[in-house]
Amino acid sequence: TDHYEKGLEKSRQSFGEKLNAFFAKFRTVDEDFFEELEDTLIQADVGYQVAMRISDELRNEAKLQKAKNKNDLKRVIVDKLIEIYQSSGNGEDNTMHFAPEGPTIILFVGVNGVGKTTTIGKLANLYHQQDKKVLLAAADTFRAGATEQLIEWANRDHVDIVTGAARVDPASVVFDAVKKAKNENYDILFVDTAGRLQNNVNLMQELAKMKRIITRELPQAPHEVLIVLDATTGQNAIQQAKLFKESTDVTGIVLTKLDGTAKGGIVLAIRDEMHLPVKWVGLGEKASDLRPFMPEEFVKGLYK
Ligand code: GDP
């Protein structure tokens with residue numbers, strides 16, 4: 001909870017203040033109240049559909065006299081936000097999927113700079129601490145410095161890493177890493193991938209090739225394909241997610257840099273639009289700043 005409160009401070013200031021100002025303004029709960037509530041929620045970046053859903057449900061509650069005054073409605077808003085997150089509308093599961101036996105392989109995709117390498121470093125740290133045997137694969141052989149950056153994390157986390165020479169076929173790094181993970185009984189293999197967007201088609205083909213190679217070696221793998229999105233990019237993040245989702249079977253979302261934005265409500269919009277579970281959120285740069293996504297803590301971090 002501490003992490004959420006600290007990491008969401010900027011969002012809380014913005015979202016919380018907007019809602020508080022809104023509530024201070026209205027004396028009665030009338031149609032104007034609901035219309036302005038919708039605007040306020042949309043401004044807070046929870047997305048159009050979520051804003052409408054909340055205001056519709058509040059209208060009902062007000063009609064049924066369950067919530068008669070402003071303070072009741074304030075409480076109901078928080079409850080609704082939590083509910084929208086918890087009611088995994090699409091049967092989503094926001095926990096990590098592990099192989100019942102043998103190595104679990106998790107592929108990370110997303111454009112450059114969103115925080116893929118950092119997220120892998122943080123997760124490697126977490127699972128290493130849980131006594132898992134963790135292997136990293138530096139399959140972004142394209143971006144200068146990407147491999148070095150992952151090597152740094154591997155050293156810091158005390159986990160092993162497979163790398164390739166600059167510009168070798170990233171699929172060959174993946175191939176070597178999967179073999180090693182199988183032969184040497186690793187519990188988890190995290191694969192970092194390239195994220196250049198200049199050439200979408202090539203990138204998507206490259207990701208598809210990596211996936212084929214993984215599945216050929218281990219039929220149930222990859223066990224997760226996580227798309228990493230930068231919360232500070234707002235609606236852009238949703239566009240990126242759509243692009244990747246069209247060509248890869250993405251299984252979940254990691255939303256990074258929530259500490260750097262006042263638009264934390266974007267999580268609601270992303271989840272609502274993508275029909276994908278948010279599995280992890282990045283709330284800072286340190287290894288301990290990656291947290292599993294917990295709806296209640298999240299909403300309470302946004303507004304309390
Ligand atoms: P990649 O290109 O997708 O691998 O992105 P990187 O892992 O290199 O991250 C890009 C920058 O974002 C780095 O400076 C990271 O330290 C920073 N970063 C990643 N996640 C977070 C986060 O949750 N919060 C903050 N504040 N910075 C982050």
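Please treat every number below as a calculation from the coordinates, not as lab data. The shown structure was predicted, so the numbers you read here are calculated from the model rather than taken from an experiment. So basically every Cβ, Gly included, is an ideal-geometry build from the backbone, and we count neighbours across all protein chains shown.
If you run the Gaussian network model on the chain, springs between alpha carbon atoms under 10 Å, then out of 272, 56, 157 the most flexible one is 56. Angle, helix 235-247 long axis vs. longest principal axis of the chain, Cα atoms, 0 to 90°, nearest 10? It is inclined by approximately 50 degrees.
Checking the table 6/74; 122/279; 63/300 against a 20 Å threshold on Cα-Cα, which pairs fail? If you can, show how the numbers build up before the last one.
Details: 6/74 22 Å; 122/279 14 Å; 63/300 26 Å.
Result: 6/74; 63/300 exceed 20 Å.
Evaluated with a Cβ-only charge set (Lys, Arg +1; Asp, Glu -1), segment 100-195 carries a dipole of roughly 120 debye about its Cα centre, given to the nearest 20.
Counting charges near residue 115 (Lys, Arg +1; Asp, Glu -1) among other residues having Cβ under 12 Å from its Cβ returns a value of -2. GNM remark for the chain: springs join alpha carbons under 10 Å apart, and the peak mean-square fluctuation among 98, 26, 34 falls on 26.
Give me the dipole magnitude in Debye, nearest 20, for the chain about the Cα centre, with unit charges on the beta carbon: positive for Lys and Arg, negative for Asp and Glu.
Numbers: 40 positive and 45 negative charges, 29 e Å.
It comes to approximately 140 debye.
Remark: for residue pairs 18/286; 70/257; 116/245; 182/242; 18/245; 133/209, the C-alpha separation exceeds 23 Å in 18/286; 70/257; 182/242; 18/245; 133/209.
Cut-off is 10 Å between beta-carbons; in what order do 33, 23 appear when sorted fewest neighbours first?
Values: 33 20, 23 16.
The order, fewest Cβ neighbours first, is 23, 33.
Which residue, chosen from 159, 277, 222, occupies the Cα position most advanced towards the positive end of the dipole of the chain, where the dipole is computed from +1 (Lys, Arg) and -1 (Asp, Glu) charges on Cβ about the Cα centre? The one lying farthest along the dipole's positive direction is 159.
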